[in-house]
Amino acid sequence: MINGTNGKAIRDARIAAGFRTQSDLAAKIGCSRITISRAENDLGGTKILHKISAATGVHPRDLMQVSAESSAMPVTSQERELLAAFRRLDPILQA
């Protein structure tokens, strides 16, 4: 069961994707920094999730809060660092 946005997941995805600030991500997806701030503080709506998802490479479902019944496996900080490094690679090297 989905309960809304997961601010921590959105913030972690932003940082892992190399967007140091909320303004950096906002500029990339064409919204205001306030919109990103609201999303990172669990106040965002689901409309912005698809844009954040596309910019960070994180599936929208992973940017949403899921009820306690969920068995989602948490991503470790090491996994986030590896993903961020992978995304910085040239697309040809990624393939």
- Message: Whether any residue in the range 25-39 is at pLDDT below 85, assigned to a loop (DSSP other than H, G, I, E, B), on the phi < 0 side of the Ramachandran plot and not basic (K, R) is what I want to check.
- Response: no
- Any pair with Cβ under 6 angstrom, 6 or more apart, that starts in the range 82-95 at a residue that is touching a residue at least 60 places away in the same chain (Cβ under 8 Å) and ends at one that is surrounded by 10 or more Cβ atoms within 10 Å (Cβ to Cβ) and assigned to a helix (DSSP H, G or I): L83/A16; A84/A16
- Task: Could you run through the range 8-62 and say how many residues are open to solvent by less than 30 Å² (accessible area, probe 1.4 Å) and charged (D, E, K, R)?
- Result: 3
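The values are calculated or read from the model by the stated rules, or taken from the named source; none is laboratory data. Only a predicted model underlies this, so the values are computations on that prediction, with no experimental measurement involved. A quick note on method: Cβ atoms are made from the backbone with ideal geometry, for glycine too, and the neighbour counts reach across all protein chains shown. Heads up: the accessible areas ignore ligands, DNA and RNA and are worked out on the full protein's heavy atoms, side chains in. Shrake-Rupley method; radii C 1.70, N 1.55, O 1.52, S 1.80 Å.
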